[in-house]
Ligand code: GAL
């Protein structure tokens, strides 16, 4: 077939452990499960970032993608919202989540922490902790240690009661205490060093019977395993020759913040990093995130972390497979599994093959071997000779040879199927249906500016926001009055620790100020016109997720800290110790306007003219459930900043008017060379996010209630609902593809050496038509193929095969092998 290939475009439409006790130990080479050293692929899936109804499908896709382990943090602040009162329901049903993983036959790595980081509000710490007298977080401090110990023990006991540790026949094979403390330990002095020892002893005393890890913690005491986090971990060496090389966070992309472009990580680089890790003796590897999901409600950390936690992960925010990322990594996992027995038992021999070129060979007894051939140069492709044979190695790539002869995988050669569309611009991929929203007229409620209840209080100082609101709301009103002896112009300078503030002078909007994720502080400087006599100044300070990272992050403040008025003669008056009246939250929040039982309340106004571009307003309408079973999202591009609820469930904070800088993006990022979180970004000059995931199970048949709290001004009449009605998948295979795909084809006839490709559609969808098939040298890319100069019509053949397979596989995930 030479360079000719078969290209297909297929359109599809809807349609472990089992209770046996096992021991888990480790040695220098690997985790040892039931006496057997294992090479393990793991992926992070945080249970509250999806709904319980989504969990089985996500985990099944992770299993099919070649994972052995699901990793999650435990989110203390939602499990113990009030000291001593626990919550493990709904999205926070940890036991159900662990059992769901067990049902799929996968292992669990439970990162109990209890510090999580994770771009999660306050890093997972409950806010009430902050108010315990004398407390200091994450160091040797009695009050903190007492609470931490109680919570870690609570989680371990819960897992034990449910028989979820491996020794009890459960899926948990690994546990984590703390999280990346080594990055901040310097800031805590001797207290920090002692705290590491104490945390380790506390964890070990709980007798979980599984090994504990501490990530990014080079001084982790024995027998705790110190593990690596980063974009690459091939050069990592554990702090004892008796410990295996474990990678707990390999970033599949990066998190998104309001005001930032969308980060992505090319799969060729991700696969390169993973292959290099195993080439260099790695044994357990975890994708952070394998499924990122959504920061529903006010769970997002801060400052300014966005609602989507998609992370460019192999499974996208909606729970759909992201191709070719998922498929390419699945192929890599298969290739590494084929080397497992060599990697865990063999002697390792390193061999240079030239500049930036090397081989790492693993021998089993008897001389059989598996090899990794690497070209870690970022620009020059190379031909290398290994054991007398010539191999082509593209720059920044690793080839895997499980028998030291045949290359079954190269990280730079992506033969996995592709999907049309971009999950960040539309739910899932392909076949998007955009529906206009409103089935009933809009109603609204305009909130009072400034103090709105008698629960306000007065101080003669500017208060720190988080200590004042206790994070019961994003909002704190700072209200004061400015006396002017005559009508005059002046300059107002407001300084804030963050994260955003809307300023009203005499009840009219004066200015909006905001910071950004890396520095949420900001100043507002405005020329103002004062009336003679009393002028009101009302500032609503807004929090967008409580800080989750950094040394002493728990005491980082927010809110207004300085207000100065200068008249045109430059006479300054400091309003710091003026009489300030405070009000926590907004009027609409206290009325509970997001509640479904208030949907018919007379609080809501209706009229001929819908107020748009109005600050501090609540909107309400309904929408019909989009037909089908496809994922749903709301397009909030026309809105300003706020929060949205569907049938009383918060789908998160939105901020459509905060555009990212206009430069620094590329749609075609060169995967070669060292990756970092800023290297590959999309959507410059645009909002970080306009589509907001509404889980299917939060929507019911018929009319659904949508409520929005708009803080700065938007136009709800332009909101639309999106659903996915179809999926389009494509694949390309040619004789040049050296991958003998029969290795991963179940029940394959191993004598078949034809190159093959597997086309798969997500669960619930089935193949209904084949749009394009060509055997020859077709051109173009997924969604835009054209016939080449040489072409044999393969369409009818492929149609017959596919539609036949579709009928016999209707009830399961539909996939097909073509060669
Ligand atoms: C790590 C941290 C994770 C997450 C990640 C960035 O430092 O351990 O929890 O915050 O960074 O997404």
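The values are calculated or read from the model by the stated rules, or taken from the named source; none is laboratory data. In this text, all values refer to a predicted model and were calculated from it rather than measured experimentally. Glycine also receives a Cβ, built like all others from the backbone with ideal geometry; neighbour counts cover every protein chain displayed.
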Quick test of your reading of the structure: residue 732 fulfils all but one of (1) crowded, with 18+ Cβ neighbours inside 10 Å; (2) modelled with pLDDT under 55. Name the failing condition by number.
(2)
Given the options 336, 315, name the one that is surrounded by 24 or more Cβ atoms within 10 Å (Cβ to Cβ), touching a helix residue (DSSP H, G or I) at 6+ places or on another chain (Cβ under 6 Å) and more than 20 Å from residue 729 (Cβ to Cβ).
336
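Results for (1) surrounded by fewer than 21 Cβ atoms within 10 Å (Cβ to Cβ); (2) part of a loop (DSSP other than H, G, I, E, B), shown as yes or no for each residue.
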site	(1), (2)
188	no, no
203	no, no
209	yes, yes
214	no, no
217	no, yes
221	yes, yes
237	yes, yes
Would you please name the residue that is surrounded by the fewest Cβ atoms within 10 Å (Cβ to Cβ), looking only at residues in segment 158-181 that are within 16 Å of the ligand (Cβ to nearest atom) and over 14 Å from residue 72 (Cα atoms)?
180
With the structure loaded, tell me whether residue 373 is away from the ligand (no atom under 16 Å from the Cβ), out of contact with any helix residue (DSSP H, G or I) (no Cβ under 8 Å at 6 or more places or on another chain) and more than 19 Å from residue 71 (Cα to Cα) or whether it fails that test.
yes
Condition broken by residue 117, with the remaining ones in (1) away from the ligand (no atom under 16 Å from the Cβ); (2) out of contact with any strand residue (DSSP E or B) (no Cβ under 7 Å at 6 or more places or on another chain) satisfied
(1)
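Residues are listed down the side, and each one gets a yes or a no for (1) in a loop (DSSP other than H, G, I, E, B); (2) within 16 Å of the ligand (Cβ to nearest atom); (3) surrounded by 21 or more Cβ atoms within 10 Å (Cβ to Cβ):
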{"site": "528", "(1), (2), (3)": "no, no, no"}
{"site": "534", "(1), (2), (3)": "no, no, no"}
{"site": "541", "(1), (2), (3)": "no, no, yes"}
{"site": "545", "(1), (2), (3)": "yes, yes, yes"}
{"site": "550", "(1), (2), (3)": "yes, yes, no"}
{"site": "554", "(1), (2), (3)": "no, yes, yes"}
{"site": "557", "(1), (2), (3)": "yes, no, no"}
{"site": "561", "(1), (2), (3)": "no, no, no"}
{"site": "570", "(1), (2), (3)": "yes, no, no"}
Could you check segment 297-312 and list, in sequence order, the residues that are buried (at least 24 other Cβ atoms within 10 Å of the Cβ) and in contact with a helix residue (DSSP H, G or I) (Cβ under 8 Å, 6 or more places away or on another chain)?
299, 300, 301, 302, 309, 312
Given the options 303, 324, 314, name the one that is within 16 Å of the ligand (Cβ to nearest atom), farther than 30 Å from residue 514 by Cβ and touching a strand residue (DSSP E or B) at 6+ places or on another chain (Cβ under 8 Å).
314
Look through segment 54-81, keep the residues that are away from the ligand (no atom under 15 Å from the Cβ) and under 15 Å from residue 296 (Cα atoms), and return whichever of them is farthest from the chain's Cα centre (by Cα).
78
